[in-house]
Amino acid sequence: MKPIMAIAATTVGEAIRRRVLLVILLVGLFFVMAAPGLSVLSARQELTVLKSLVLGVIQLTSAVIAIVLTVYMLPNEIERRTIYTILSKPVLRWQFLVGKYLGAVAALGIMMSLMTVVMLLMFVIQVQVRDFNRLSELVQGPAMFFVQMSLLAAVGIFFSTFVSPLVNFFLTGGIYMMGSLFNPMFETMASNPNMSGFAKNAAWLVNAMLPNFADFNIQNRIINPESVIQNPMVHYMNLTVYGLIYIAVLLIAGILVFDRREV
Amino acid sequence: MKRRKNWLIGLLICFVAQGAMHRGAVYPTWKKYDMPKTTGIAVGLDPGQLLAAMAGFRELVAGILWVKADSFFDSGNYDAVLPLIRLVTWLDPHQLDVYATGMWHIGYNFTDEESRSDRRYLPAAIALGKEGAKQNPNTYEMFFETGWLWYHKIDDQYERAVGYFEESAKRKDMLQARHNLLANAYQRSGQVDKALELYYKLYDEADTRFADDGVFQARQIRDTIENNLDTLIVRMIQRGYFAQERKDGSFETGPYDVNPPFDVGYSVKLTVEEPKVVRFEGTWNVLPVGTRIRVVLKDANFPHSIAGGADWDWGDEIVMDPDANLTFMQDQFYVKNRRFNKKIDMSRDPTIYPFTSDEYIVEYYYNPRSAAAHMQDKFGFNGEGIADSNFLNTEVRPGQRVIFAQMKLTRDQLLRRGKYRDEVPVVMTKNFKQSSTEVRGSEDMIVVPNLRTIEKKPEAKPKAPVLSKPRANPIAG
């Protein structure tokens with residue numbers, strides 16, 4: 001456990017020092033803070049649009065950070081040859097990979113927390129939302145995005161074990177898009193009477209295999225409080241468990257690939 | 001080798017577990033609550049917006065588009081708002097304000113140069129409301145908004161408004177004060193008993209709430225309901241509603257305000273003064289102000305046409321661009337000193353009034369259910385107190401006595417073409433008499449009863465026998 005934590009801590013430090021990530025973060029923070037400038041709509045609509053914009057910006061920024069952070073993770077270590085000094089010590093390859101992943105997730109968590117705090121401050125100071133329940137509802141969005149982005153980071157780490165950063169960028173982005181899209185697509189296919197049974201089964205299989213990022217998009221009921229859901233906490237727990245299991249799948253697959261890779 | 005085998009077993013277990021978790025626990029909840037219920041690709045999104053929407057940022061794109069719609073609205077570019085409303089509701093079907101604002105915008109804001117609504121948009125407004133209600137069944141708002149459109153804008157077929165208001169009243173989040181509107185809709189749909197029942201129920205609830213809370217607002221709501229309840233009971237008594245219900249002949253002989261029915265003496269003359277410019281002159285023997293007689297000019301084959309208008313519920317499809325070949329004009333005559341005289345100019349709005357049909361119908365329609373309360377005091381809840389020698393009609397709205405007249409015009413007449421280039425087209429009812437606007441003697445004036453004058457009320461006699469159908473072809477010209 002100790003080597004994993006040491007690698008994770010180093011990764012967090014590296015991530016925070018990377019200028020490209022800080023620039024993305026600053027752009028995200030700017031948009032979060034600038035969002036209340038759109039005070040042209042009706043009181044309720046203003047809040048609805050504001051929440052959709054702010055949560056959207058946090059999600060988008062986090063996705064870009066998660067991808068950029070992870071696609072370079074292993075290739076950079078290999079390119080700079082720093083991986084040799086690490087692996088020459090009593091550190092197993094799986095420990096290195098898991099440490100790198102945990103470091104990336106921790107850095108992501110720090111950046112997302114910062115954006116969430118700014119969002120809350122913006123709602124408290126500028127929009128005068130002082131109700132604790134409403135603020136805690138708002139936090140549920142970024143909390144689920146964090147699980148979503150941790151899963152996205154796992155996808156990035158998995159691909160970084162065997163493809164170049166540029167290819168990885170598009171692969172991870174593509175998987176994110178497909179994972180966001182496949183649920184509605186599958187549902188359309190399932191309800192289409194003209195689809196063959198084979199195609200429906202194939203769609204079912206792909207839907208069960210792909211990481212479904214759409215599941216974590218719970219912001220709609222935060223933006224529109226009139227749309228209620230039964231037992232939201234149970235649903236969020238299920239989502240988190242699902243996310244963790246899928247992260248485990250990707251990390252194990254990454255470990256298996258990385259174990260055999262010549263470095 | 002053994003360690004690798006263990007990793008593989010772990011991978012397999014986790015993979016199966018994630019699939020089971022997704023299909024068993026996560027996906028059903030997503031399908032129930034988060035699945036977009038509108039399908040298909042939204043034509044109109046630019047590639048970037050479509051990509052963002054596909055990548056799970058539907059709400060973000062919806063928010064940006066709605067801000068854009070708002071700026072179009074402020075600049076008066078109403079046409080540009082329409083596709084954005086559709087896109088936003090497609091992207092985020094839970095944005096109630098977009099549905100509600102969209103309905104209002106489509107239903108009310110498209111007007112001609114004389115501020116008459118372009119009613120060809122109403123089917124789209126209703127379809128949008130229906131979709132909003134379907135997408136947001138947990139909240140009362142879209143049911144209420146759709147009901148309001150029927151109640152206020154369409155102002156006819158009140159049973160439709162009642163249906164939506166009843167649905168909205170089933171939702172727990174319905175604002176207390178808005179329940180009163182259901183009682184009003186009941187009255188206008190002829191279900192006066194139900195209105196009374198509802199007021200009693202609302203009063204009991206409000207009284208309990210006031211006893212529990214003791215706050216001013218609760219008392220205010222209770223007192224308002226009490227006032228509405230008292231007023232309704234007085235009206236039911238004075239308009240002979242209870243006597244009618246007894247069916248023992250007491251209504252026919254009793255001194256109720258609606259007895260005897262008053263002949264309104266409706267007559268009208270239509271003159272096409274210039275191409276697409278029509279003047280209406282006519283009589284209405286009711287002296288107090290407040291009468292609004294509906295006039296409709298529409299294609300003879302206007303879709304879903306009904307007497308005095310159209311049935312505006314054309315289905316679930318939201319078609320934002322009305323058929324450019326349809327003509328439908330609706331306005332009202334305001335009666336002053338028992339006469340009306342109104343010029344309607346449709347020449348300045350060729351897109352709203354294209355006049356592409358060969359034949360047109362002009363309808364005049366007065367429904368006591370839509371009348372102001374002081375008119376209803378004489379005419380009754382369902383027109384019991386209204387009569388007309390020529391145009392009383394009990395068929396176009398079953399169970400009601402309304403005033404209804406119809407005329408036909410040709411395209412040549414309206415556009416002053418062919419032989420009408422020099423000859424002014426005039427169509428009038430046979431009973432129309434050109435006269436001055438001065439009030440004649442008091443013998444043919446209606447005295448609208450009220451609580452103070454009821455004792456002094458002169459015995460008005462009907463000017464003409466009460467007919468259930470108009471006489472054969474009372475329209476001349």
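Values quoted throughout were computed directly from the atomic coordinates according to the rules given, and no laboratory measurement underlies them. Quantities reported herein were computed from a predicted structural model and do not represent experimental measurements. Glycine gets a Cβ as well: all are built from the backbone with ideal geometry, and neighbour counts include every protein chain shown.
When a footprinting reagent is the concern and you count Cβ atoms within 10 Å, what order do A:V129, B:V234, B:V268 take, fewest first?
B:V234, A:V129, B:V268
Between beta-carbons, use under 14 Å as the cut-off and find the net charge around A:A190, counting Lys and Arg +1, Asp and Glu -1.
+2
What does the helix-only formula give at 222 nm for the protein assembly as shown: each DSSP H stretch with n ≥ 4 adding -39500 (n - 2.57), the total divided by the residues, and the result rounded to the nearest 500 deg cm²/dmol?
Helices in the protein assembly as shown give a 222 nm mean residue ellipticity of -17000 deg cm²/dmol.
Can you check what the net charge comes to around A:R221, using other residues whose Cβ is under 14 Å from the Cβ of A:R221 (Lys, Arg +1; Asp, Glu -1)?
-2
Applying 1/(1 + (r/R0)^6) with R0 = 25 Å to the Cβ-Cβ distance of B:V16 and A:D259, what FRET efficiency is obtained, to the nearest 0.05?
Efficiency, rounded to the nearest 0.05: 0.70.
Taking the Cβ-Cβ separation of A:S191 and B:R279 as r and a Förster radius of 56 Å, what is the calculated FRET efficiency to the nearest 0.05?
With a Förster radius of 56 Å, E is 0.50.
What average count of beta carbons from other chains do you get within 10 Å of the Cβ of residues in B:291-301?
Other-chain Cβ atoms within 10 Å of each residue's Cβ, averaged: 0.
Quick one: if you stick a label point 7 Å off each Cα along the C-beta vector at B:R417 and B:F72, how many nm between them?
According to this spin-label approximation, the distance is 3.4 nm.
No solvent, one uniform scatterer per C-alpha: report log10 I(q)/I(0) for chain A via the Debye equation at q = 0.07, 0.12 1/Å, two decimals.
Log10 I(q)/I(0), no solvent term: -0.28, -0.79.
Residue separation times 0.36 nm, minus the C-alpha to C-alpha distance between A:T240 and A:L26: what's the value?
74.3 nm
Pick out, from B:Q95, B:Y366, A:V12, the residue whose Cα sits farthest towards the positive end of the charge dipole of the protein assembly as shown, with +1 on the Cβ of Lys and Arg and -1 on the Cβ of Asp and Glu.
A:V12
Under a crude label model (7 Å from the Cα following the beta-carbon direction), how far is B:N227 from B:D173 in nanometres?
It works out to 3.0 nm between the two label points.
Within a 10 angstrom radius of the beta carbon, how do B:V272, A:V155 rank from fewest other beta carbons to most?
The fewest-first ordering by Cβ neighbours comes to B:V272, A:V155.
Taking the Cα centre of region A:114-263 as origin, sum charge times position over the Cβ atoms of Lys and Arg (+1) and Asp and Glu (-1), and report the length of that vector in debye to the nearest 20.
Result for region A:114-263 is approximately 60 debye, rounded to the nearest 20.
Under a point spin-label approximation (7 Å from Cα along Cα-to-Cβ), what is the B:T356-B:E166 distance to one decimal in nm?
With each label placed 7 Å out from Cα toward Cβ, I get 3.9 nm.
Could you give the size of the charge dipole of the protein assembly as shown about its Cα centre, using +1 on the Cβ of each K and R and -1 on the Cβ of each D and E, expressed in debye and rounded to the nearest 20?
1940 debye
Under a Cβ-Cβ cut-off of 14 Å, what is the net charge of the residues other than B:I221 that fall near it, where Lys and Arg count +1 and Asp and Glu count -1?
Residues close to B:I221 contribute a combined charge of -2.
Hey, got the dipole for chain A? About the Cα centre, +1 on K and R Cβ, -1 on D and E Cβ, debye to the nearest 20?
580 debye
Can you sort A:Y101, B:Y334, A:Y72 so the residue with the fewest Cβ neighbours within 10 Å comes first?
Ordered from fewest to most neighbouring Cβ atoms within 10 Å, A:Y101, B:Y334, A:Y72 come out as B:Y334, A:Y72, A:Y101.
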